[in-house]
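The values are calculated or read from the model by the stated rules, or taken from the named source; none is laboratory data. Note that the structure is a prediction, hence the values are computed from the model and not measured. Positions of Cβ are generated from backbone atoms using ideal geometry, with glycine treated the same way; all protein chains shown enter the neighbour counts. Just the protein is used for accessible areas: all its heavy atoms, side chains included, with ligands, DNA and RNA removed. Shrake-Rupley method; radii C 1.70, N 1.55, O 1.52, S 1.80 Å.
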Amino acid sequence: MPPPEPPPGAAAGSSGTPSGETYTYGHSPVVVAVHEARTAEREAAFFLPRLRPGMRLLDAGCGPGTITAGLAAAVAPGEVVGVDAAPDVLARAAAGAAARGLQNVAFRQADAYALPFPDASFDAVFAHTLLEHLRAPSAALG
């Protein structure tokens, strides 16, 4: 199955991402600090009871990775891959996971409309506040 098409009118790279999407809030220190205060225990409380050790998860739109880290703890020794379009925030996510000693989490730059993984690569997908920022969320879900 080919990757979903970007939303209509999105020019590749027009806003720093392959799909041309723009993150409305940006990644100022204040915004990133708010995102770093997020936890899996709070933001993914509905999801955590469904996770089991050994699962492989995708965290789409992971930002600075604090939720991702909590998901990784829940599925250890399973793997969690966090993806985001912003490389600077991904660097913070990787540093935070390393500081926590997490061995089962990885971070990659990726476009929500064209994820670089084959179908059925993950047991579950988490996306906290990603879809509200996309012009064509159903295309990303596809």
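Dividing the convex hull volume of the alpha carbon atoms of segment 34-142 by its residue count gives 98 Å³ per residue.
Residues whose amide H comes within less than 5 Å of that of residue 124, counting only those at least five positions distant or on another chain, are 56, 58 (H built at 1.01 Å from N in the peptide plane). Ranked from largest to smallest solvent-accessible area, with a 1.4 Å probe on the protein heavy atoms, 123, 59 come out as 123, 59.
Label sites at residue 100 and residue 119, each approximated as a point 7 angstrom past Cα along Cα to Cβ, lie 3.2 nm apart. For segment 82-126, pairs of C-alpha atoms spaced more than 18 angstrom apart make up 35 percent of the total. Net length available on complete extension from residue 52 to residue 37 is 3.0 nm, with 0.36 nm assigned per residue and the Cα-Cα distance removed.
Within segment 56-119, the trypsin sites (Lys or Arg not before Pro) that combine a DSSP coil assignment with at most 15 other C-beta atoms in a 10 angstrom radius are 56, 100.
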